[in-house]
Amino acid sequence: MLISSFWIKMRKIQLNGSILLLGLLLSYSKLIGQAGDSIFHPTLVSQHLDILASDSLRGRVNFTVGQIKAADYINQELKSYGLSFLEHKSFYHPFILAKELRPRGVTDSVLNNLIAVLPGKSKADEVIIFSAHYDHVDRDIYGNKSGIFNGANDNASGVAAVLMLAKYFSAIKNNERTLFFCFFAGEELGLLGSLAFAPALEPEKVKSVINIEMIGKHDRSGKKAFFLTGEQNSDLSKILKRNLSGTGVKLRSEPEDPTGLFNRSDNYPFFRMGIPAHSIMCSDDKDSCYHQPCDDPQHVDVENMALIIRAIAASTVTLVNGKDSPELKRKPK
Ligand SMILES: [Zn+2]
């Protein structure tokens, strides 16, 4: 999650940029049960977090070896799920940063998004995106550097979730629509990875973007719940709520967004293109370890996280099977 002062600065610059058959629902929950039991498990959450948020990756900071190691881990995981590439012959989607966007002292200009594709069965031209940023910061809002800012909640938690959803959907292979699994770099520098990637897409083909942020703690949502940033901007929450019935997990409505969470993560560049694009979150920047060295795996509730990720799969079933297409309620400005 991008710091709010950066977001305020960003606003000033122009961005480039039915009724379901009960049987169907039941059979889907059975499917989630079979493949999901092994995949949506706290052990796998811990495995991802212990690697992505380990001291050896030093916070996956943009333009560092730690970030290259994080990307390599994501790449190896995606390969093992048997996913496809998007155009490139690799999951890596490098993008170049103009000098004025690079942190001071950085001479390198290339960062890497990773994009994996699971082609849809009958509606391959329609796309649902699951995304998370995998970079983090190495200093707090005041520029203080002390210790390693491991970013377990922000946003190794989101990366773990998208990896587990990728593994799950590629195991069950029942997606009618095409699924993209996107891992963005440069989010903490101003949503740069998603700003680089989004314009390559035809917005009318992308039915929804589900970005995942900071689900490792639940100070704001409470346990067994999540919220959707900028909920009022589309009717996506209505769809997710309907699909969540019976899962024991709730989408907690958040009509107000005083700190601009909606505009401060990688869903936003997609919304600017007219796509219903939101972030699923459980905690926010009020968390005392937000952009601090204490954002470590030991503070993450991995049991709850596993439940939330499973619920994200359940809540998006009608997006994945092509039955629901969320609509914008507010036009991007
Ligand atoms: Zn952040």
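The values are calculated or read from the model by the stated rules, or taken from the named source; none is laboratory data. Given the structure is predicted, the values throughout are model-derived calculations rather than measurements. Please note: Cβ atoms are built from the backbone with ideal geometry, for glycine as well, and neighbour counts cover all protein chains shown.
With the condition kept exactly as written, say whether any residue in the range 230-248 is charged (D, E, K, R), at pLDDT below 95 and either in a loop (DSSP other than H, G, I, E, B) or surrounded by fewer than 17 Cβ atoms within 10 Å (Cβ to Cβ) (or both). No, the conditions are met nowhere in the range 230-248.
Only a single item in (1) modelled with pLDDT under 85; (2) surrounded by 17 or more Cβ atoms within 10 Å (Cβ to Cβ) is not met by Ala71, and it is number (1). Cβ contacts < 9 Å: first residue closer than 19 Å to Leu44 by Cβ and in a strand (DSSP E or B), restricted to the range 210-227; second residue of a type in the set (Lys, Arg) and away from the ligand (no atom under 15 Å from the Cβ), any location; separation 6+ or different chain. Result? Listed pairs, sorted by first residue: Phe226/Lys250; Phe226/Arg252. Residue count for the range 129-149, restricted to those that are more than 12 Å from the ligand (Cβ to nearest atom) and buried (at least 24 other Cβ atoms within 10 Å of the Cβ): 3. Is it true that some residue in the range 267-274 is small (Gly, Ala, Ser), at negative phi and modelled with pLDDT of 95 or more? The answer is no; no qualifying residue exists.
For Lys238, are the conditions met, namely being charged (D, E, K, R) and away from the ligand (no atom under 16 Å from the Cβ)? Criteria met by Lys238. Within the range 285-333, being over 22 Å from Gly230 (Cα atoms) and among the β-branched types (Val, Ile, Thr) holds for Val300, Val302. Kindly evaluate Asn150 against the criterion of being over 23 Å from the mean Cα position of the chain (by Cα) and over 23 Å from Phe271 (Cα atoms). The answer is no for Asn150.
Between Ile312, Ile280, which is more than 16 Å from the ligand (Cβ to nearest atom), closer than 23 Å to Gly248 by Cα and surrounded by 21 or more Cβ atoms within 10 Å (Cβ to Cβ)? Every option except Ile312 fails the conditions. The set of residues from the range 163-189 being part of a helix (DSSP H, G or I) and within 16 Å of the ligand (Cβ to nearest atom) comprises Glu187, Glu188, Leu189. Evaluation of Lys121 against the conditions (1) more than 30 Å from Glu176 (Cβ to Cβ); (2) part of a loop (DSSP other than H, G, I, E, B) shows that the sole unmet condition is (1).
For the range 263-312, filtering for residues that are among the β-branched types (Val, Ile, Thr) and in a loop (DSSP other than H, G, I, E, B) leaves 2. From the list Ser90, Ser29, Ser18, the lone residue that is in a helix (DSSP H, G or I) and either more than 16 Å from the ligand (Cβ to nearest atom) or modelled with pLDDT under 95 (or both) is Ser29.
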